[in-house]
Amino acid sequence: LQDEALTRIQQADDAAALEALRIEYLGKQGSISGLLKTLGKMSPEERQAEGPKIQGARGAVSDALASRKDTLDGAELERRLAAETLDLTLPAPETPKGSVHPVSQVMDELAEIFADLGFAVATGPEIEDDWHNFTALNMAETHPARAMHDTFYFPDVDADGNRMLLRTHTSPVQIRTMMKEGAPLRIIAPGRVYRSDSDATHTPMFHQVEGLVIDKDIHLGHLKWTLETFLKAFFERDDIVLRLRPSYFPFTEPSVEVDVGWQDVQGRRVLGGDGDAPGHGWMELLGSGMVNARVIEFAGLDPKEWQGFAFGVGVDRLAMLKYGMDDLRAFFDGDKRWLDHYGFSP
Ligand code: PHE
């Protein structure tokens, strides 16, 4: 039995065959296990004679199984090492890299352009109270312009009883900066703003950059020059056409709305966007004006001493125009194919 077992173990050529042999000889119903059980019924003399032989056979089979298993494992390893070679001269697989989102890129560009004009960057909270977002900007509780903002309100009020909300524009940063830093001032305030609105050109969260200059003897001419200089630098062309329209904002007086034309002065299309839209190739770009004296007062400065201008521009719109994108919602889908398409992946 022992010889037969050892021969068969030597010939087993995989782990499964080896396991079958282990069960056949050493398993509960195995033949060597069966012999061991017969020891109980033997006379002491018989047991003395047979016991060592049976135990010896069990030991020999068990050792043979273990050593054959080592051999088979070793062979398997050799086989895999031979098959799975690594070609170290192959180029490494490409790892996808991140890139700066177009909106962030535009905000960085704006910060750079305005830094050259002497503007510092200011910030304020996205969760605002209605005093900073509305009241101090000359929109009293009952002001109809409040209704135009489609505001997201929180159920809470702050310690002073002001209603909390998601800021609907970056203009509250005007108030916060004037109160904190006084005058003179030359700042831009980039950031997220929120309005309950959604279609191809409106998303409930979007980006604005606020501009504010407070100084002595500031007038509309300074505003116009600043906007022209900034837009020419941003679009990197001198033939940008702007249209200034009289408008109304509670916090500026007078107020000026600025549109940018798709066409250059010769009528050639120079910017992306929907040129057939009503308005014949003008896109509304920003609101601006001379800071209302009441706002300067609300912020704790003397309007007889200080004047200034302010503007608020949609960053996402600037990006759409510069890069010829047509659906604002795509900005916030996080679709890598879209980013690749517009060349925003390295
Ligand atoms: N806050 C205005 C808006 O969101 C834009 C604006 C800013 C207008 C500053 C005038 C001056 O529409």
Radius of gyration and Dmax for the chain's Cα atoms, expressed in Å?
40.2, 126
log₁₀ of I(q)/I(0) at q = 0.11, 0.16, 0.18 Å⁻¹ - region 153-258, Debye sum with one point per alpha carbon
-0.48, -0.98, -1.19
With a 28 Å threshold on alpha-carbon distance, the violating pairs from Lys97/Lys322; Lys224/Lys304; Lys28/Lys69; Lys41/Lys69; Lys232/Lys304; Lys216/Lys322 are Lys41/Lys69; Lys232/Lys304; Lys216/Lys322
In region 58-209, what percentage of the DSSP-assigned beta bridges are antiparallel, given to the nearest 5?
85 percent
Cα-based Rg / Dmax (Å) for region 1-136:
38.8, 112
Rounded to a whole number, what is D in µm²/s for region 1-74 from Stokes-Einstein with the Kirkwood radius over alpha-carbon pairs (37 °C, 0.692 mPa s)?
256 µm²/s
For the chain, the helices passing both cut-offs (Cα extent along own axis of 24 Å or more, Kyte-Doolittle mean at least -1.0, full DSSP H runs) are 44-83
Considering the convex hull of the alpha carbon atoms of region 201-258, report its projected area averaged over all viewing directions, in nm², one decimal.
5.6 nm²
Here FRET efficiency (C-beta to C-beta, Leu220 to Asp199, R₀ 22 Å, nearest 0.05) is 0.10
Around His132 (Cβ within 9 Å, Cβ-to-Cβ, excluding His132; K/R +1, D/E -1) the net charge comes to -1
Going 7 Å from the Cα of Lys69 in the Cα-to-Cβ direction, what parts of region 1-44 have a backbone nitrogen less than 13 Å from that spot?
15-23, 26-27
Helix-only CD estimate at 222 nm, as mean residue ellipticity for the chain, using -39500 (n - 2.57) per DSSP H run (n ≥ 4)
-12500 deg cm²/dmol
In Å², and per residue, what accessible area does the chain have when probed at 1.4 Å with the other protein chains present?
56 Å²
Enumerate by residue number the trypsin sites (Lys or Arg not before Pro) in region 84-179 meeting two conditions: DSSP loop (anything except H, G, I, E, B), and at most 10 other Cβ atoms within 10 Å of the site's Cβ.
Lys97
Take the alpha carbon atoms of region 193-225, find their center, do the same for region 1-34, and report the distance between the two centers in whole angstrom.
85 Å
Express the carbon and sulfur contribution to the solvent-accessible surface of region 85-181 as a percent, rounded to the nearest whole number, probe 1.4 angstrom.
57 percent
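The values are calculated or read from the model by the stated rules, or taken from the named source; none is laboratory data. In this text the structure is predicted, and so the values were computed from the model without any measurement. Cβ atoms come from the backbone with ideal geometry, glycine included; neighbour counts cover every protein chain shown. We work out accessible area using only protein heavy atoms, side chains counted, and drop any ligands, DNA or RNA first. Shrake-Rupley method; radii C 1.70, N 1.55, O 1.52, S 1.80 Å.
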